[in-house]
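The values are calculated or read from the model by the stated rules, or taken from the named source; none is laboratory data. Being a predicted model, the structure only gives us computed values, none of them experimental. All Cβ positions, glycine included, derive from the backbone under ideal geometry; neighbour counts span all protein chains shown. We work out accessible area using only protein heavy atoms, side chains counted, and drop any ligands, DNA or RNA first. Shrake-Rupley method; radii C 1.70, N 1.55, O 1.52, S 1.80 Å.
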Amino acid sequence: MTALRMRSWRLIGALTAAMLLLTGAQAAAGTQSQQAAELSEVTTQVADMSWSCTIPSGYTYDRYQFTSNCYGQSYWYRVRVPADNMWSCTIPSGYTYDRYQFTSNCYGQSQWYRIRAV
């Protein structure tokens, strides 16, 4: 009877340890997926006046520069968050322009625009 009691306690201990391990693994997996989602959110946001190989949707640019950092192309853009009265190489959605001037700041064109919110 004592040996049976010892085996029961060992079994209970083993089951308790297994439950703790599973619970900890689930908590760690939840934390990792939350961290991955937060990282994804941060990496999709572009800081104003940062240099990028592409112009993300909803942004514009006000300068370009030759570089060897961008695979498949030899220039990158200084990305900007559109704002009223800003000089820009493109006219983003939701904006119009009230002035333009000739410049060498913009890739593939000779003018930039002072954009205004619609």
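At-a-glance table
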read-out	value
Among (1) among the aliphatic types (A, V, I, L, M); (2) modelled with pLDDT of 90 or more; (3) surrounded by 12 or more Cβ atoms within 10 Å (Cβ to Cβ), the one test that residue 46 misses	(2)
Within the range 69-118, tally of residues that are outside any loop (DSSP other than H, G, I, E, B) and either under 24 Å from the mean Cα position of the chain (by Cα) or not polar (S, T, N, Q) (or both)	21
Near pairs, Cβ below 6 angstrom, 6+ apart or cross-chain, from the range 46-60 (over 19 Å from residue 74 (Cβ atoms)) to any residue that is of a type in the set (Gly, Ala, Ser)	60/88
Subset tally (residues that are open to solvent by 80 Å² or more (accessible area, probe 1.4 Å) and under 16 Å from residue 118 (Cβ atoms)) for the range 60-81	0
Of all residues in the range 82-118 being under 11 Å from residue 63 (Cα atoms) and β-branched (Val, Ile, Thr), the one that is least open to solvent (accessible area, probe 1.4 Å)	103
